[in-house]
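Worksheet: the structure to be examined is printed underneath.
The values are calculated or read from the model by the stated rules, or taken from the named source; none is laboratory data. Everything quoted here is computed from the prediction, not taken from an experiment. Neighbour counts are summed over all protein chains in view; Cβ atoms, including those assigned to glycine, are modelled from backbone coordinates with ideal geometry.
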Amino acid sequence: MGGFWSSTVTWGVLARLVGGKLVGILGSSWFTARFTRAHLNPQLSWLDIAGVGLLGGIGFTVSLLMAELSYSSPSHLTDAKGAILLASVVSCLLSALAFGVRGRLKLRVAR
């Protein structure tokens, strides 16, 4: 396991799937709401959009295919596949946390 955690492939895949999806979805939503006539539904908050951005990191099927096509080294491929599956779990947990916080905030405002 020491090789998995020290691999740059592992950390690159984790950062891109968890952080990259969040930044991409949240950033493009903000950019669209800011610079076009589109607007965020009043029932939604930016925390909801961030939760959806985190959920984007869960999709692992295409990521697994791209890893198969990208890495010829068996050790890099193993690290990439492990990181993809780990990123899916991390994204799931972080999105559940974001939606849980949003739900508690919504209940507090409703009272």
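The residue list S45, S63 contains one member that is modelled with pLDDT under 95, crowded, with 16+ Cβ neighbours inside 10 Å and among the small types (G, A, S), which is S63. Just one of the listed residues (F35, F99, F31) is surrounded by fewer than 18 Cβ atoms within 10 Å (Cβ to Cβ), of a type in the set (F, W, Y), more than 30 Å from G3 (Cβ to Cβ) and over 19 Å from the mean Cα position of the chain (by Cα), namely F35.
If you check W11 against the conditions, is it surrounded by fewer than 19 Cβ atoms within 10 Å (Cβ to Cβ), in contact (Cβ under 8 Å) with a residue 12 or more places away in the chain and under 13 Å from A98 (Cβ atoms)? No; evaluated as a whole, the condition is false for this residue.
Summed over the range 14-43, residues that are under 18 Å from F99 (Cβ atoms), part of a loop (DSSP other than H, G, I, E, B) and either touching a Phe, Trp or Tyr at 6+ places or on another chain (Cβ under 8 Å) or among the charged types (D, E, K, R) (or both) total 1.
Determine whether L17 is at pLDDT below 95, over 30 Å from L107 (Cβ atoms), buried (at least 17 other Cβ atoms within 10 Å of the Cβ) and aliphatic (A, V, I, L, M). So L17 fits the description; yes. If you go through the range 44-91 and keep only what is hydrophobic (A, V, I, L, M, F, W, C), without any contact (Cβ under 8 Å) to a residue 12 or more places away in the chain and part of a helix (DSSP H, G or I), you end up with V62, L65, M66, L69, L77, V89.
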